[in-house]
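**Q** Quick one: the structure is below, and I'll ask about it shortly.
The values are calculated or read from the model by the stated rules, or taken from the named source; none is laboratory data. Owing to the predicted nature of the structure, the values given are computational and were not obtained by experimental measurement. FYI the Cβ positions are ideal-geometry reconstructions off the backbone, even for glycines, and counts take in every protein chain you see.
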């Protein structure tokens, strides 16, 4: 006998509503990272101060909020949904970075928990929903993922800069 399918809370949300999870999960990730990330990054990369961390994350949070806000109102095949996928893919790459550095350095990388519990599974679900619900084509998703990869590589590369002056 087959069980009756009961949609979960998340499965009942539209893709536009799911976009808000991108910002919420980023905030959770920043909260996890903040107390320890500057010191950890300085030990393994270039100098990162608490001041630089805060100053660099203010425009990041504001930009992601704006993209999420716009994408939450966008139609299928809209540019803001593409930007939301770009951002989420960059966060997925950031999650892989946290896993790789934890394994490579043999110590906890601040941000690992939210990367594993939020970024990685949500990205897979989000992309499946984007495609299943017809918000973007495979080509549009691939283009956004390429853009997100470039963005993530630039952000991760910035760790080798000496930001001790801030």
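**Q** With the checklist (1) in contact with a helix residue (DSSP H, G or I) (Cβ under 8 Å, 6 or more places away or on another chain); (2) not in a loop (DSSP other than H, G, I, E, B) in hand, flag the one item residue 108 doesn't pass.
**A** Single failed check for residue 108: (2).
**Q** A follow-up question, please. For residues that are closer than 17 Å to residue 139 by Cβ and touching a helix residue (DSSP H, G or I) at 6+ places or on another chain (Cβ under 8 Å), scanning just region 69-87, find the one that is modelled with the lowest pLDDT.
**A** Top of the filtered list is 77.
**Q** Could you run through region 74-91 and say how many residues are without any contact (Cβ under 8 Å) to a residue 60 or more places away in the chain and farther than 16 Å from residue 129 by Cα?
**A** Looking only at that region, the number is 1.
**Q** Let me ask you something else. Looking at (1) modelled with pLDDT of 95 or more; (2) surrounded by fewer than 14 Cβ atoms within 10 Å (Cβ to Cβ), which is the only condition residue 51 fails?
**A** Of (1) modelled with pLDDT of 95 or more; (2) surrounded by fewer than 14 Cβ atoms within 10 Å (Cβ to Cβ), only one is false for residue 51: (1).
**Q** Under 8 Å between Cβ atoms, at least 6 apart or on separate chains: pull out the pairs that start in region 122-141 with a residue that is more than 24 Å from residue 29 (Cβ to Cβ) and end on any residue that is surrounded by fewer than 11 Cβ atoms within 10 Å (Cβ to Cβ).
**A** From residues that are more than 24 Å from residue 29 (Cβ to Cβ), the pairs are 131/138.
**Q** Let me ask something else. Kindly indicate whether residue 56 is surrounded by 17 or more Cβ atoms within 10 Å (Cβ to Cβ) and on the phi < 0 side of the Ramachandran plot.
**A** Against the criterion (surrounded by 17 or more Cβ atoms within 10 Å (Cβ to Cβ) and on the phi < 0 side of the Ramachandran plot), residue 56 does not qualify.
**Q** May I pose another question? Answer yes or no: is there a residue in region 89-96 that is over 30 Å from residue 164 (Cβ atoms) and part of a helix (DSSP H, G or I).
**A** Yes: region 89-96 contains one or more residues that are over 30 Å from residue 164 (Cβ atoms) and part of a helix (DSSP H, G or I).
**Q** How many residues does region 150-165 hold that are over 16 Å from residue 45 (Cβ atoms) and in contact with a helix residue (DSSP H, G or I) (Cβ under 6 Å, 6 or more places away or on another chain)?
**A** Of the residues in that region, 1 qualify.
**Q** Let me ask something else about it. Considering only helices (runs of 4 or more DSSP H) fully contained in region 1-73, which possess at least 2 residues that are farther than 21 Å from residue 130 by Cα and either free of Cβ contacts under 8 Å to residues at least 24 places away in the same chain or in contact with a strand residue (DSSP E or B) (Cβ under 7 Å, 6 or more places away or on another chain) (or both)?
**A** Fully inside region 1-73 and qualifying: 37-44, 50-71.
**Q** Is region 98-105 home to any residue that is at negative phi and in contact (Cβ under 8 Å) with a residue 40 or more places away in the chain?
**A** The answer is yes, given that some residue of region 98-105 is at negative phi and in contact (Cβ under 8 Å) with a residue 40 or more places away in the chain.
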